1. Tell me, please, whether a residue that is touching a Gly at 6+ places or on another chain (Cβ under 7 Å) and more than 6 Å from the ligand (Cβ to nearest atom) can be found in the range 10-30.
2. Quick check, is V5 within 6 Å of the ligand (Cβ to nearest atom) and either among the basic types (K, R) or at negative phi (or both)?
3. Quick check on the range 27-44: of everything there that is surrounded by fewer than 14 Cβ atoms within 10 Å (Cβ to Cβ) and within 10 Å of the chain's Cα centre (by Cα), which residue is nearest to M1 (Cα to Cα)?
4. Does D35 count as on the phi < 0 side of the Ramachandran plot, within 7 Å of the ligand (Cβ to nearest atom), of a type outside the set (A, V, I, L, M) and free of Cβ contacts under 8 Å to residues at least 60 places away in the same chain?
5. Just to check your reading of the model, which residue among G24, G49 is at pLDDT below 95, exposed (fewer than 12 other Cβ atoms within 10 Å of the Cβ) and either part of a loop (DSSP other than H, G, I, E, B) or of a type in the set (S, T, Y) (or both)?
Amino acid sequence: MKKIVVVGGSIIGSSTAYHMAMAGAADRIVVVEPDPTYALAAAPRSAGGVH
Ligand SMILES: Cc1cc2nc3c(=O)[nH]c(=O)nc-3n(C[C@H](O)[C@H](O)[C@H](O)COP(=O)(O)OP(=O)(O)OC[C@H]3O[C@@H](n4cnc5c(N)ncnc54)[C@H](O)[C@@H]3O)c2cc1C
């Protein structure tokens with residue numbers, strides 16, 4: 001069984017995992033993300049400037 005582990009589940013990690021899953025790149029893809037709130041991730045912080 002082919003497995004892929006993506007470290008970091010914010011915008012880039014989740015997008016990478018999604019597209020690899022859609023492409024059938026592995027039997028199992030695991031995203032490792034220690035912070036379910038994404039409090040310190042850059043992606044939600046950058047969106048804080050949208051008005
Ligand atoms: C205020 C601000 C404004 C910005 N403006 C722009 C802009 O105008 N244009 C532009 O192109 N970019 C901009 N950026 C940059 C852009 O937002 C980031 O480059 C992008 O969001 C990064 O996404 P990412 O998923 O790589 O990282 P992040 O969103 O930072 O996610 C990284 C994830 O990895 C996890 N992680 C960290 N260490 C580990 C570990 N050891 N094991 C497991 N998980 C781990 C974290 O918990 C986090 O969830 C801006 C950023 C900020 C903060």
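1. Within the range 10-30, not a single residue is touching a Gly at 6+ places or on another chain (Cβ under 7 Å) and more than 6 Å from the ligand (Cβ to nearest atom).
2. no
3. V30
4. Answer is yes for this residue.
5. Residue meeting the stated conditions: G49.
The values are calculated or read from the model by the stated rules, or taken from the named source; none is laboratory data. Keep in mind it's a predicted model, so treat the numbers as computed, not measured. Ideal geometry is used to build each Cβ from the backbone, glycine not excepted, and the neighbour counts take in all protein chains shown.
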